[in-house]
Amino acid sequence: MKSTVAYITDTFVTATPGTAVFKTVKLWLNAIHERRALRSMPYSRLEYIGVHPRQADQEANKPFWIVSSR
């Protein structure tokens, strides 16, 4: 798993400046969307998908700029 800095560094090295900024903002927006979804999910559904509620709370409360590439 790459760190946020490594991902953004790779993005900026391999893309034009406008594309790199776009990719970074898109990554951040996806993180915001996913964390909102985690926050609103009932504990029963989290357990069903194999995520402990405490893990979901920790992930949902991270700042949007803390992401890992997939």
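The values are calculated or read from the model by the stated rules, or taken from the named source; none is laboratory data. It should be emphasised that the depicted structure is a prediction, and the values quoted were computed from it without experimental measurement. Every residue, glycine as well, gets a Cβ built from its backbone with ideal geometry; the counts of neighbours run over all protein chains shown. The protein model used for the area step is the full one, side chains on, heavy atoms only, and it has no ligands, DNA or RNA in it. Shrake-Rupley method; radii C 1.70, N 1.55, O 1.52, S 1.80 Å.
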Output yes when any residue across region 3-19 is at pLDDT 75 or above, of a type outside the set (Asp, Glu) and not in a loop (DSSP other than H, G, I, E, B), and no when none is. yes
When only residues in region 22-46 that are among the hydroxyl-bearing types (Ser, Thr, Tyr) and open to solvent by 90 Å² or more (accessible area, probe 1.4 Å) count, which is nearest to Phe64 (Cα to Cα)? Ser40
Could you check, for region 28-36, whether at least one of its residues is touching a helix residue (DSSP H, G or I) at 6+ places or on another chain (Cβ under 6 Å), of a type outside the set (D, E, K, R) and either part of a helix (DSSP H, G or I) or modelled with pLDDT under 95 (or both)? no
